[in-house]
Amino acid sequence: MEYVILAILWVGWCALHSVLASIRINSHLKSRFSEIYRYYRFTYNAIAVVTLIPVLAYSFHIQGPVFLEWDGYWLGLQVLMVSVGALLFFAPLKQYDMSRFFGWQQIKDGLTHEVLSKDNKLDTSGVLACIRHPWYSGAILLIWARDLDMATIIVNVIITAYFMIGAMLEERKLVRELGDEYRHYQQTVGMFIPYKCVARIIKY
């Protein structure tokens, strides 16, 4: 029963934030509350953190037998996953404006752009030339690099699905904002895996 509750909590948390990030909700809030919409991203992030606390507390409460423990030959794979995951998290910090990510810049300047670069334009430099969503890719590697028991597997599956859905929602908004420029980016750069980048390197 505790695993069912765990799944419900995580699915509920993911569903709430997927809905809040949807184009329909964003468009409705922007049209109805245009004067205070600048606070949306900051509020969204605050809701995410506050509502995540009880979900994490319940998750850590559940402990079961470990199915996969990273030791022996598996330890090398774990180190690789953690290293690549950390790289994918830190590498795009040069391209992303963290004040926009947290919503502070939107409050200050009244911005409503979805792009997180400093100049409100699509940045395809650095790691973003190979992966469109390096943070999601890195996070997926990191969560699966933990020792795996039943609770961890359930949570990882849900979070992985959430990241994929979140990336698709984010891309729909970016296509609306940037149009053909982002469509071309989608065609030339992989979403989570840099296979198109690798193919270009091999070709040349």
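Computed from the coordinates by the stated procedures, all read-outs in this text should not be read as laboratory data. Just so it is clear, the model here is predicted, and its values are computed rather than measured. So basically every Cβ, Gly included, is an ideal-geometry build from the backbone, and we count neighbours across all protein chains shown.
Given the -39500 (n - 2.57) contribution per DSSP H run of 4+ residues, what per-residue ellipticity at 222 nm results for the chain, rounded to the nearest 500 deg cm²/dmol? Please list the in-between numbers first.
Values: 10 runs with 137 residues, N = 204.
Helices in the chain give a 222 nm mean residue ellipticity of -21500 deg cm²/dmol.
Which of these, S27, S18, S59, has the largest mean-square fluctuation under a Gaussian network model of the chain (Cα springs below 10 Å)?
Result for the chain, Cα springs under 10 Å: S27 fluctuates most.
Work out, step by step, the length gained on full extension between W74 and S31: first 0.36 nm times the residue separation, then minus their alpha carbon distance; give nm to one decimal. Write down the numbers at each step before the final one.
Details: separation 43, 0.36 × 43 = 15.48 nm, distance 5.21 nm.
So the chain would gain 10.3 nm between W74 and S31.
Which Cys residues of the chain have no other Cys Cβ less than 4.7 Å away and so no disulfide-compatible partner by this rule?
C14
Tell me, what is the FRET efficiency for N156 and L93 to the nearest 0.05, using R0 = 22 angstrom and their Cβ-Cβ distance as r? Write down the numbers at each step before the final one.
Working: r = 25 Å, r/R0 = 1.12.
After rounding to 0.05, the efficiency reads 0.35.
Taking just the C-alpha trace of the chain, give me its Rg and Dmax in Å.
Considering the chain through its Cα atoms, Rg and Dmax are 18.7, 58 Å.
FRET efficiency for R183 and Y44, Cβ-Cβ distance as r, R0 = 22 Å, nearest 0.05? Let's see the in-between values first.
On the way: r = 26 Å, r/R0 = 1.16.
The value I calculate is 0.30.
Gaussian network model of the chain, Cα springs within a sub-10 Å range: biggest mean-square fluctuation belongs to which of R132, R38, R183?
So, out of R132, R38, R183, the one fluctuating most is R183.
Using a 7 Å offset from the Cα along the Cα-to-Cβ direction at both F101 and L52, what is the distance between the two label points in nm, to one decimal?
1.1 nm
When the Kirkwood radius is taken over all Cα pairs of the range 132-204, what Stokes-Einstein diffusion coefficient follows at 37 °C and 0.692 mPa s, in µm²/s? Walk me through the numbers on the way to the answer.
Values: Rh = 13.9 Å.
In µm²/s, the coefficient rounds to 236.
At 0.36 nm per residue, minus the direct Cα-Cα distance, what do V4 and S125 gain on full extension? Give it in nm, one decimal, please. Can you show the working numbers first?
Numbers: separation 121, 0.36 × 121 = 43.56 nm, distance 4.29 nm.
Net length gain for the segment: 39.3 nm.
For H184, H61, H133, what ranking results if the residue with the fewest other Cβ atoms within 10 Å of its Cβ goes first? Mind showing how you got there, number by number?
Working: H184 13, H61 10, H133 23.
Ascending Cβ contact count within 10 Å gives the list H61, H184, H133.
Does the range 1-72 come out rounded, prolate or oblate by the C-alpha gyration tensor, with a ≥ b ≥ c the root eigenvalues, rounded set by a/c under 1.5 and, if not, prolate when a/b is larger than b/c and oblate if not? Each step should come with its number before you reach the end.
Details: a/c = 3.10, a/b = 2.80, b/c = 1.11.
Because a/c hits 1.5 or more and a/b exceeds b/c, the range 1-72 counts as prolate.
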